[in-house]
């Protein structure tokens, strides 16, 4: 009796359209879970890096601070520090009579902002997949439901009678497609919201670090957290 109902029966009795919808939902589910897992692992790594980045400001000099940031080339805080240093050195070596030279503050700001923008794009890559799956999966499942009900009604019409035992099975199996669509969409939506919230926290810390770097490269000291004009001295690179 049970073999006549359920997912196995939907697959065995379904036509090419029903099977295509089921395969599409499966692919969407796998894609969304892969993005959720990979981006979650990346987010955990970047949060750990962000917590350790504060040690940079407890260093004797810039070189020691870079050592504390580690040698990971994917570390956005280390990349910010390196790009800021290169921008400062480039500006110092610019000839004074070059009329189109930017102010050192503007030049460092532009460099740090470009680095943050590149990291933001990397951090948010893959989220479009979750957004697309979360918004389209319910409708894909609904299409499978409508298609299944259509064929169920054709079968009932061909049989010439619509008793409850003949209607319940086909209609119930068609509604499974709606449930599958929701089962695919809900994790994608929840994962998207969680990743966006986590990314926002990492970017906030990165922007604060960039602000301190800007002050250091322009004035030679880091802006303190509690004062308006106080600075925490740190030796030049």
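Return the residues of the stretch 45-61 that are out of contact with any helix residue (DSSP H, G or I) (no Cβ under 9 Å at 6 or more places or on another chain) and in a helix (DSSP H, G or I); say none if nothing qualifies.
Taking the stretch 45-61 first, the residues out of contact with any helix residue (DSSP H, G or I) (no Cβ under 9 Å at 6 or more places or on another chain) are 45, 48, 60-61.
Within the stretch 45-61, 45, 48 meet the criteria.
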Practice prompt. Tell me which residues, restricted to the stretch 187-201, are under 12 Å from residue 123 (Cα atoms) and surrounded by 17 or more Cβ atoms within 10 Å (Cβ to Cβ).
Written response: 195, 198, 199
Response to the item:
The one condition residue 18 fails out of (1) farther than 30 Å from residue 149 by Cβ; (2) more than 16 Å from the chain's Cα centre (by Cα); (3) buried (at least 19 other Cβ atoms within 10 Å of the Cβ) is (1)
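The rows are residues; the columns are (1) part of a helix (DSSP H, G or I); (2) over 13 Å from residue 209 (Cβ atoms); (3) modelled with pLDDT of 80 or more.
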| position | (1), (2), (3) |
| --- | --- |
| 63 | yes, yes, yes |
| 67 | yes, yes, yes |
| 72 | no, yes, yes |
| 78 | yes, no, yes |
| 88 | yes, yes, no |
| 91 | yes, yes, no |
| 96 | no, yes, no |
| 101 | no, yes, no |
| 105 | yes, yes, no |
Fill in: Criterion (part of a helix (DSSP H, G or I), modelled with pLDDT under 85 and surrounded by fewer than 18 Cβ atoms within 10 Å (Cβ to Cβ)) met by exactly one of 183, 128, 158, 229
158
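The values are calculated or read from the model by the stated rules, or taken from the named source; none is laboratory data. None of these values were measured; they are calculated from a predicted model. A quick note on method: Cβ atoms are made from the backbone with ideal geometry, for glycine too, and the neighbour counts reach across all protein chains shown.
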